[in-house]
Amino acid sequence: MIVSMITGAVAVISHASYQRCRPPRSFGIFLCHCKAGSGILCRFLKLPANKHSSSRIFLDSDALESLDQLYDTVRCRTKNLVVILTQEALCRMWCAGEIVTAHANRVPILPIVCEGYTHPSSSKIDDIGDVWTRDQQHTLMSFGISVEMIQAAYRELTRLPCLSMPRFGTVLDQENVVVEMLTQCKLPKRAFMEKWQLQFAFQA
């Protein structure tokens, strides 16, 4: 009887863990961003992305009830982490955790650079821990994320190929970056995609 109860409990826990990391649908892209610096931009990015692809795009403001599961979403439910690089992005604790989680779990990372952003120098990466308070570092450590892991992930991030987002360019220029983002992330495109690309190439 006791053995059966223990076996049943283990099965329930295993099933819950399995369901947690096996959602019915994955997100094609998780948008990692600083809300103050690029929240509106990310909201815009979703519009052409949804127009050109059926893949789901994760934006935390659309899933407020799941903010405590952001890192699980990156780890288990995301095909690509797209990092919107503004000046403030790498100083945000949650962004750091999302980047580390993707890096540690081999989730492909695509950086998109906005005007005004430059990669941090090696010395700034060395001192990145000074950006956060002890309480913030403790919060990250509660998720198994250390300053050393952030430093390693940031160094790798600076070596990755980037796309450039012309925030003050035309809507067509911005949409073209979104299309390239979908291509780089190897996401399926809608049927009219080829026609749109030909039209854009002709106009260019």
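Do we find that Leu47 is under 24 Å from Glu180 (Cα atoms), modelled with pLDDT of 95 or more and among the hydrophobic types (A, V, I, L, M, F, W, C) in this structure?
no
Specify the residue that is farthest from Glu180 (Cα to Cα); the eligible residues are those in the stretch 79-109 that are touching a residue at least 24 places away in the same chain (Cβ under 8 Å) and basic (Lys, Arg).
Filtering the stretch 79-109 for residues that are touching a residue at least 24 places away in the same chain (Cβ under 8 Å) and basic (Lys, Arg), the one farthest from Glu180 (Cα to Cα) comes out as Arg92.
Just checking, how many residues over the stretch 137-158 are among the β-branched types (Val, Ile, Thr) and either within 12 Å of Ala104 (Cα to Cα) or in contact with a strand residue (DSSP E or B) (Cβ under 7 Å, 6 or more places away or on another chain) (or both)?
Residues in the stretch 137-158 being among the β-branched types (Val, Ile, Thr) and either within 12 Å of Ala104 (Cα to Cα) or in contact with a strand residue (DSSP E or B) (Cβ under 7 Å, 6 or more places away or on another chain) (or both): 2 in total.
Being of a type in the set (Asp, Glu) and modelled with pLDDT of 95 or more narrows it down to one of Asp68, Asp72, Asp130, Asp62, so name that one.
Exactly one residue qualifies, and that residue is Asp130.
Considering only residues that are at pLDDT below 95 and among the charged types (D, E, K, R), which ones fall in the stretch 138-185?
Arg167, Asp173, Glu175
Of all helices (runs of 4 or more DSSP H) completely enclosed by the stretch 49-147, which ones contain at least 1 residues that are closer than 24 Å to Cys185 by Cα?
Counting at least 1 such residues, we get 70-77, 93-104.
Looking at the stretch 121-142, can you tell me whether even one residue there is among the β-branched types (Val, Ile, Thr) and closer than 26 Å to Arg43 by Cα?
No - not one qualifying residue is present in the stretch 121-142.
Kindly indicate the residue of the stretch 37-74 that is among the basic types (Lys, Arg) and either crowded, with 17+ Cβ neighbours inside 10 Å or touching a strand residue (DSSP E or B) at 6+ places or on another chain (Cβ under 6 Å) (or both) and also nearest to Leu163 (Cα to Cα) among those meeting that condition.
Among those that are among the basic types (Lys, Arg) and either crowded, with 17+ Cβ neighbours inside 10 Å or touching a strand residue (DSSP E or B) at 6+ places or on another chain (Cβ under 6 Å) (or both), it is Lys46.
Filtering the stretch 153-170 down to residues that are under 15 Å from the mean Cα position of the chain (by Cα) and under 20 Å from Cys42 (Cβ atoms), which residue is surrounded by the fewest Cβ atoms within 10 Å (Cβ to Cβ)?
So the residue we want is Leu160.
Please specify each residue of the stretch 163-179 satisfying the condition of being of a type in the set (Ser, Thr, Tyr) and over 17 Å from Val113 (Cβ atoms).
Scanning the stretch 163-179 gives a single hit, Thr170.
The values are calculated or read from the model by the stated rules, or taken from the named source; none is laboratory data. The model shown is predicted, which means the values in this text are computed figures rather than measured ones. A quick note on method: Cβ atoms are made from the backbone with ideal geometry, for glycine too, and the neighbour counts reach across all protein chains shown.
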